[in-house]
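Written below as structure tokens is the structure these notes are about.
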Amino acid sequence: MTATSTSEQATTTAQRRHGDVSVGDELAPVSFPLTVYRLVMEAGANRDFNSIHHNSEYAQATGAREMYANTSFLLGMWERAVRDWIGPAGKIHSIAGFRMRSFNYVGDTTTVTGKVVGIDDTMIRIEVTSSNSDGVTVGPGIVTVSLPE
């Protein structure tokens, strides 16, 4: 079973089942264009009012190239990509190894990709990475999920 979308539009896929998954299966990439509007709205929505996330002039004064996405937004991108793949009855149990390597700047597009790297009786481990035109920006990390039988 493959996901039906590689854009930021919501996907509608059938429910994925534990027995249908194999090591090496890849999640459909999900891309997030980082507009000024999106960063301002996201910073307000999660109450991260640090100006580096919504004010280019301020961010540049701190040494950054531009305003950039905050941690909550980047984690939300991972959750979105994984949830699209696991379906509505799947459960996310943990996220480990989430490490920001570089900024995800306004004007760029961040793409989240993932690959199944481990399966046991109840849990599936997915290696997830975020990247943009500069290369890998977050991860790789492991998202552990469960799916219905």
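The values are calculated or read from the model by the stated rules, or taken from the named source; none is laboratory data. Since this is a predicted model, take the numbers as computed values, not measurements. Backbone-built Cβ (ideal geometry, glycine too); neighbour counts: all protein chains shown. Keep in mind that these areas ignore ligands, DNA and RNA; they rest on the heavy atoms of the full protein, side chains included. Shrake-Rupley method; radii C 1.70, N 1.55, O 1.52, S 1.80 Å.
Maximal additional length on extending the residue 15-residue 57 stretch stands at 10.6 nm, based on 0.36 nm per residue less the C-alpha distance. Taken over segment 81-140, the convex hull of the Cα atoms encloses 90 Å³ per residue. Here the chain is described by how far its Cα atoms reach on the three principal axes: 52, 26, 26 Å, from widest to narrowest. Rounded to the nearest 10 degrees, the inclination of helix 71-86 to the longest alpha-carbon principal axis of the chain is 20 degrees.
Sites listed here are trypsin sites (Lys or Arg not before Pro) in segment 48-149 whose DSSP assignment is loop and whose Cβ has at most 11 other Cβ atoms within 10 Å: 99. Angle between the Cα long axis of helix 36-45 and the longest principal axis of the chain, 0 to 90 degrees, nearest 10? It is inclined by approximately 70 degrees. Dividing the Cα radius of gyration of segment 34-105 by 2.2 N^0.38 Å, with N the residue count, gives 1.26. The residues packed around residue 87, meaning those with a beta-carbon under 10 Å from its beta-carbon, carry a net charge of +2 if Lys and Arg are +1 and Asp and Glu are -1. The residues of the chain expose, per residue, 51 Å² of accessible area to a 1.4 Å probe.
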